Amino acid sequence: MLAVELRFRRVNGENLRTKRPVLGVCPSLPGYGFSDKPAAPGWGIERISDEWCELMARLGYRRFGAQGSDWGTSIATSIGQRQPDRVAGIHLMPPLAPPDPATLDDLTGAERTALATLREADEWGSGYSAQQSTRPQTVGYGLVDSPAALCAWIVEKFWSWTDSGGDLHRVITRDELLDNLMLYWLPGTGASSARLYWESLRQVNEWISGSAGAPVTVPTGCSVFPKELQRPSRRWAERRFPNIRYWNEPGKGGHVAAFEQPALFVDEVRSFFRLVR
């Protein structure tokens, strides 16, 4: 048994007894959705990546591709680092890589804009992550007690992070937002989901704006959407991901591109994995 029960969904799949491949296995993070809530510290991105590899092994997959955005970007990257022989490749939205100091005197226009976006997000949009990475339990009581608090905490980020031109419901309907909120409200995961920030946010921030760290050598696909929070250039990303096989910058979409632009998201994933399967 895994120390924490992981719930997952097979997308367009077949019964495992048939030995036929499925299109996707979509696990929910420990402490999120319908997965169990960790009862002790230690559930950071490395441990989650190891458990997801174990999950895939128990489902009968000796080799697979990993795709991720948001926390899934770091977890997919960790899978590629820790168990490279298990994956055909990783697809990241976006790749997390810091600016290359050697380029700071010769920045492109897109790189200048990316740095300005990071500065603005740090100054005006990072309060939630500072709270969750330092005192997740404090805010957690409100998130599991008050529907209004939970709604305000989450929907503000959707408004800020989507490519909606300020009109959120152009890209995500009210019903879709409520579906998302209910995945936090019904299982009471407002506090348990916040704890992942306490576990791993400092490490992720280092990858975004500090050092590139150890290279990730598995085949990598990168999709950088125009309203994403982190938008490294390819030359920055290649310092950390030297085996980039696919790079694309779609014309629309934000941090939750799979939610905002599902057709574009599917095209991006398929375009990369066609190259490495």
| said: Before I look further, what does the chain give for accessible area per residue, probe 1.4 Å, in whole square angstrom? | reply: 52 Å²
| message | Given N residues in the chain, what is its alpha carbon radius of gyration divided by 2.2 N^0.38 Å? | response | 0.99
| task | Apply 1/(1 + (r/R0)^6) to the Cβ-Cβ distance of residue 266 and residue 205, taking R0 = 25 Å, and write down the FRET efficiency to the nearest 0.05. | result | 0.25
| query | With labels modelled as points extended 7 Å from the Cα through the Cβ direction, what inter-label distance (nm, one decimal) is found for residue 131 paired with residue 169? | reply | 2.5 nm
| field | residue 61-residue 82 FRET efficiency (beta carbon distance; Förster radius 22 Å; 0.05 resolution) | value | 0.85
| Rg/Rh for the stretch 139-252, where both radii come from Cα atoms and Rh is the Kirkwood radius | 1.04
| task | Using a 10 Å cut-off on Cβ atoms, rank the peptides 156-164, 53-61 from the highest mean neighbour count down. | result | 156-164, 53-61
| said: Once each part is reduced to its C-alpha centroid, what is the distance from the stretch 209-248 to the stretch 49-128 in angstrom? | reply: 7 Å
| said: As a test, work out the antiparallel percent of DSSP beta bridges whose residues both lie in the chain, rounded to the nearest 5. | reply: 20 percent
| Net charge of Cβ neighbours under 14 Å - reference residue 82; Lys, Arg +1; Asp, Glu -1 | -3
| remark: Taking protein heavy atoms only, a 1.4 Å probe, and rounding to whole percent, the accessible area of the chain owed to carbon and sulfur comes out at 52 percent
| remark: Taking Lys and Arg as +1 and Asp and Glu as -1, residues besides residue 244 with C-beta under 12 Å from its C-beta add up to +4
| query | Is the stretch 194-277 best put as rounded, prolate or oblate by its Cα gyration tensor, with a ≥ b ≥ c the root eigenvalues, rounded for a/c under 1.5, and otherwise prolate when a/b is larger than b/c, oblate when not? | reply | oblate
| message | Run the reach check for residue 157 against aspartates and glutamates, Cα to Cα strictly under 19 Å, same-chain hits fewer than 8 apart removed. What comes back? | response | 70, 120, 122, 123, 167, 175, 176, 179, 228, 260
| task | Grab the other residues whose beta carbon is less than 12 angstrom from that of residue 69, score K and R as +1, D and E as -1, and report the net. | result | -4
| task | Could you calculate the FRET efficiency of residue 159 with residue 120 from 1/(1 + (r/R0)^6), where r is the beta carbon distance between them and R0 is 25 Å, rounded to 0.05? | result | 0.95
| request: Considering Cα pairs under 8 angstrom that are at least six residues apart, work out the relative contact order of the chain and quote it in whole percent. | output: 22 percent
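The values are calculated or read from the model by the stated rules, or taken from the named source; none is laboratory data. Just so we're clear, the structure is a prediction, and the values are computed from it rather than from any experiment. So basically every Cβ, Gly included, is an ideal-geometry build from the backbone, and we count neighbours across all protein chains shown. Surface accessibility is based on the protein's heavy atoms, side chains included, excluding ligands, DNA and RNA. Shrake-Rupley method; radii C 1.70, N 1.55, O 1.52, S 1.80 Å.
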